Amino acid sequence: MYAVDHDEQASLEAWLSLHLEVRGLPALCSAAFLLIAWRDLDPIERGGWLGPLLVADYLRQRQITTSHLPPLNHAFRLAGYRRMMSGEPTDEALEFITALAVGAVDGERLHDRLSLARQLLARKLQGRRRTSRLGEAVGLSIGRPLVTVALLAKELKVSKQGAQLIMKEIAPAMREITGQTSYRAWAIL
């Protein structure tokens, strides 16, 4: 059920005016205040998920992140971020920035893990012909959260048997996550 007396237009205008007011603050502080205001004002009813995405885009516009949007929700979950009930914006902003720091450390850990996996899989490419599809399979394995034989066959435009042979080459450097004999899926270690 939607609240009958909720004025989305006025709430959204209030949030956008705050967007202009916090421009002079440092980017992370203004992002924290924007997120807190999104939750307080609730500009789009049942659109709470949109706030962190808009704040992440705000950080991109302020050139804090240039190549991707930070996974704010993931950082909040890792840090156990819960909106403080004290109502003090500075306390909430401090908790926001702490959650970002925890997310940054986890992002660095994930980056290191994927870099190591890329190096391990790149060793499989040594001595291969240039026309081998193994290099494309390695790139696909790094770029996707999980890989199946059907996905390899479709993306590399090879037969299922060819995809199984390719997967057999790179599977020792990956972890099987299904535990089945059919419809198997692998992920980076």
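The values are calculated or read from the model by the stated rules, or taken from the named source; none is laboratory data. Only a predicted model underlies this, so the values are computations on that prediction, with no experimental measurement involved. Note that we place each Cβ from the backbone using ideal geometry, even for glycine, and neighbour counts take in every protein chain shown. These area figures cover heavy atoms from the full protein model, side chains too; ligands, DNA and RNA do not enter into them. Shrake-Rupley method; radii C 1.70, N 1.55, O 1.52, S 1.80 Å.
Numbers at a glance
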{"read-out": "Computed lengthening from Ala187 to Trp49, 0.36 nm per intervening residue step minus Cα-Cα distance", "value": "46.9 nm"}
{"read-out": "Rounded percent of accessible protein surface that carbon and sulfur make up, the chain, 1.4 Å probe", "value": "56 percent"}
{"read-out": "Qualifying aspartates and glutamates (Cα of each under 19 Å from Cα of Lys154; at least 8 residues distant if same chain)", "value": "Glu136, Glu169"}
{"read-out": "For the chain, accessible area per residue (1.4 Å probe, heavy atoms of protein chains only), Å²", "value": "64 Å²"}
{"read-out": "Value at 222 nm in deg cm²/dmol, rounded to 500, when DSSP H runs of n ≥ 4 in the chain each add -39,500 (n - 2.57)", "value": "-19500 deg cm²/dmol"}
{"read-out": "Trypsin sites (Lys or Arg not before Pro) restricted to the range 124-176 and DSSP loop, no more than 12 other C-beta within 10 Å", "value": "Arg128, Arg129, Arg130, Lys157"}
{"read-out": "Enclosed volume per residue, in Å³, of the convex hull spanned by Cα atoms of the range 30-181", "value": "168 Å³"}
{"read-out": "Linear extension gain, Lys168 paired with His74, 0.36 nm per residue minus alpha-carbon span", "value": "30.6 nm"}
